[in-house]
Amino acid sequence: MFWQDVFIVAVGICLLAGGFALRVWVNRRRFYRRGPGGLQHYSRYRKAVLLSTFEGFLMLVSIPMMILGMLVLFFWSIFLIERGRYIIKDSDKTEKSIAEPTAHFLFPAEKGLGERRSAPSQKIHSLRP
């Protein structure tokens with residue numbers, strides 16, 4: 001279970017960081033292409049069209065990457081919380097089942113219902129406190 005958890009966290013963090021890194025890289029390239037007037041300067045028209053299309057595609061890909069990374073980490077944390085609750089409930093059940101019930105004449109011990117007794121236990125109830 002440990003290595004599965006580590007793998008899931010690593011995938012979530014890589015998706016989140018990869019999406020963020022793509023956005024930073026594209027915006028940094030756009031920043032350094034700008035001239036004094038604030039416009040992006042290209043040496044050729046073909047380069048302008050191809051780079052703008054490619055960078056726009058990378059910006060679109062980075063959004064689902066970041067969203068998917070956040071969802072993976074979010075659902076993983078919810079899964080860990082639920083697994084912790086299940087482990088606590090399961091440990092409570094095992095602690096309660098340690099005490100074997102005693103058998104009764106209606107439910108014999110041969111059927112796996114506790115210790116074998118020769119007669120039913122008699123409880124004496126007193127009316128005095």
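The numbers here are math on the coordinates, done by the rules we state, and not lab data. Predicted, not measured: the structure shown is a model, and the values here were computed from it. Cβ atoms come from the backbone with ideal geometry, glycine included; neighbour counts cover every protein chain shown.
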Under 18 Å from the MET59 label point (7 Å along Cα→beta-carbon), backbone N, region 5-36: 19-35
Relative contact order in percent for region 11-81 (Cα pairs under 8 Å, 6+ apart) equals 58
When the chain is fully extended, how far beyond the present Cα-Cα distance does LEU71 get from PHE2, taking 0.36 nm per residue of separation? 22.8 nm
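Would you mind classifying region 11-81 by shape? Square roots of the alpha carbon gyration tensor eigenvalues, ordered a ≥ b ≥ c; an a/c under 1.5 is rounded, otherwise it is prolate if a/b is larger than b/c and oblate if not. Please list the in-between numbers first.
Numbers: a/c = 4.98, a/b = 3.05, b/c = 1.63.
Taking the square roots of the gyration eigenvalues as a ≥ b ≥ c, region 11-81 is prolate.
Can you tell me the order of 45-52, 32-39 when each peptide is scored by its average per-residue count of other Cβ atoms within 10 angstrom, highest first?
Working: 45-52: 11.6, 32-39: 8.4.
Going from most to least packed, we get 45-52, 32-39.
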